[in-house]
1. Rounded to the nearest 0.05, what FRET efficiency do K332 and N25 have when you use their Cβ-Cβ distance and R0 = 25 Å?
2. Relative to the compact globular guide of 2.2 N^0.38 Å, what is the alpha carbon radius of gyration of region 158-200, as a ratio?
3. Working from Cα positions, state the angle (0 to 90°, nearest 10) between the long axis of helix 355-365 and the longest principal axis of the chain.
4. Which percentage, to the nearest 5, of the DSSP beta bridges contained in the chain is antiparallel?
5. Using θ = phi - 60° and the Karplus curve 6.51 cos²θ - 1.76 cosθ + 1.60, what whole-Hz ³J(HN,Hα) does each residue of region 302-313 get, with Gly and Pro shown as x?
6. Work out how much length A9 to Y387 would gain on full extension: take 0.36 nm times their residue separation and subtract the Cα-Cα distance, in nm to one decimal.
7. In whole Hz and in residue order, list the ³J(HN,Hα) couplings for region 316-323 that follow from phi through the Karplus curve 6.51 cos²θ - 1.76 cosθ + 1.60, θ = phi - 60°; x for Gly and Pro.
8. Loop only by DSSP, 16 or fewer other Cβ within 10 Å of the Cβ. Give me the chymotrypsin sites (Phe, Trp or Tyr not before Pro) in region 277-329 that pass, ordered by residue number.
Amino acid sequence: MFERIDYYAGDPILGLMEKYSADSNPNKVNLGIGIYYDENGVLPVLDCVKTAEERIADPIAPRPYLPMAGLPGHRKGCQELLFGKDAQILKDGLVATIATIGGSGALKVGAEFIHDWFPQAKCYVSDPTWGNHIAIFEGSDVEVGKYPYYDKANSSIKFDEMIAFFETLNKNDVILLHPCCHNPTGMDLTQAQWDTVLNVVKARELIPFMDIAYQGFGEDMDSDAYAIRKAVEMGLPLFVSNSFSKNLSLYGERVGGLSVVCPTVDETDRVFGQLNATVRRIYSSPPSHGGRVVDIVMNDEALHEQWVGEVYAMRDRIKAMRLKLKSVLEAKIPNRNFDYITRQNGMFSFTGLTPEQVERLQTEFGIYMVSNSRMCVAGLNTSNIDYVANAMADVLKD
Ligand code: LMR
């Protein structure tokens with residue numbers, strides 16, 4: 001009966017976790033999945049989260065179903081983080097936000113909504129992008145295309161090509177954008193470049209869908225949301241998916257949000273209703289624990305401030321690792337340019353290693369990165385960085 005079912009080849013990112021866990025090499029280093037490990041190689045529980053967990057656990061409360069859209073405090077937390085605490089659109093009630101099962105859940109609900117209400121729309125993703133962007137939109141029967149983004153040869157952005165491509169798109173086509181810490185390249189647009197992109201979006205009446213999974217890891221909470229807030233200022237309709245996996249270190253709790261910025265209150269009501277209906281038919285309502293943590297940390301002023309500090313400490317440690325990696329590699333291979341390492345933002349560095357070089361790092365050194373050459377810099381620490389840099393130098397030289 002099931003013989004005709006295809007075998008699953010596994011996920012190129014999640015599959016690496018399994019391979020890494022099974023590797024008996026005592027020097028192994030996990031630079032695959034986008035997870036922040038601290039200086040001791042440990043997945044941190046943020047102090048602000050510990051406090052929130054204590055409040056949740058005492059007393060242990062009943063667990064009713066949450067509303068389809070999740071906890072109001074979770075939704076408010078998403079909105080204020082993305083659009084700014086005092087944003088006029090929030091006061092005017094022009095944002096439909098639901099709490100979602102991580103950023104992936106937000107993308108899925110958004111993709112379903114686009115399929116249902118904009119059936120002619122195609123979705124264009126950056127070349128390259130996070131693989132699940134393509135899988136999620138195609139899984140909702142939305143046709144996916146790619147727009148030019150990364151120039152491998154020069155470790156830069158193909159900005160003019162990208163703009164020229166956007167100029168060819170049709171009204172209501174969706175473009176999936178990464179407001180900060182582009183996954184997988186780490187190469188972000190400047191604010192001036194964002195302005196140009198959004199002018200094209202406006203002129204061609206495209207639908208921007210911004211996926212922000214690393215807010216706070218680029219420059220700071222506000223600068224990382226520049227593209228989102230600029231689109232709002234320009235009066236554009238906008239989809240935003242956000243994730244708390246990385247910036248609250250709550251990976252397994254699956255907490256995120258989907259926000260749709262609408263032109264009028266009536267349209268906001270309609271959209272919010274349909275987002276609820278979409279949730280109901282996929283998973284009914286979100287789980288409660290992670291949402292409670294988000295609610296507490298985002299809405300308690302002192303905890304929020306503590307949280308921002310903790311995110312910036314993670315950001316700064318990653319930046320320090322970038323500098324160190326660059327300097328060790330430059331010393332080892334002086335005729336090669338490694339500037340890209342510090343020009344990239346967030347957790348990822350697109351190293352430009354060939355699939356064979358990536359494979360050698362894995363088999364000979366127990367160093368795991370994604371086969372497209374993406375390295376999670378947040379997996380480096382002062383104990384493993386020399387080992388990684390030496391191994392990279394080895395495979396690059398041969
Ligand atoms: C990543 O890109 O590594 C993360 O977003 C984790 C994932 O689900 O792929």
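The values are calculated or read from the model by the stated rules, or taken from the named source; none is laboratory data. All of these numbers come straight from a predicted model, not from anything done at the bench. Note that each Cβ is placed from the backbone with ideal geometry, even for glycine, and that neighbours are counted across all protein chains shown. Quick note on the areas: whole protein, heavy atoms, side chains included, nothing else; ligands and nucleic acids left out. Shrake-Rupley method; radii C 1.70, N 1.55, O 1.52, S 1.80 Å.
1. 0.70
2. Rounded to two decimals, the normalised Rg is 1.17.
3. 70
4. Taking every DSSP beta bridge with both residues in the chain, the antiparallel ones total about 50 percent.
5. Per residue, the Karplus-derived 3J(HN,Hα) values read 5, 5, 4, 5, 4, 4, 4, x, 5, 5, 5, 5 Hz.
6. Extra length from A9 to Y387 when fully extended: 133.0 nm.
7. Taking θ as phi minus 60°, the curve returns 5, 5, 5, 4, 5, 5, 4, 4 Hz for region 316-323.
8. Values: sites: Y283, W307, Y312; in loops: Y283.
Answer by residue number: Y283.
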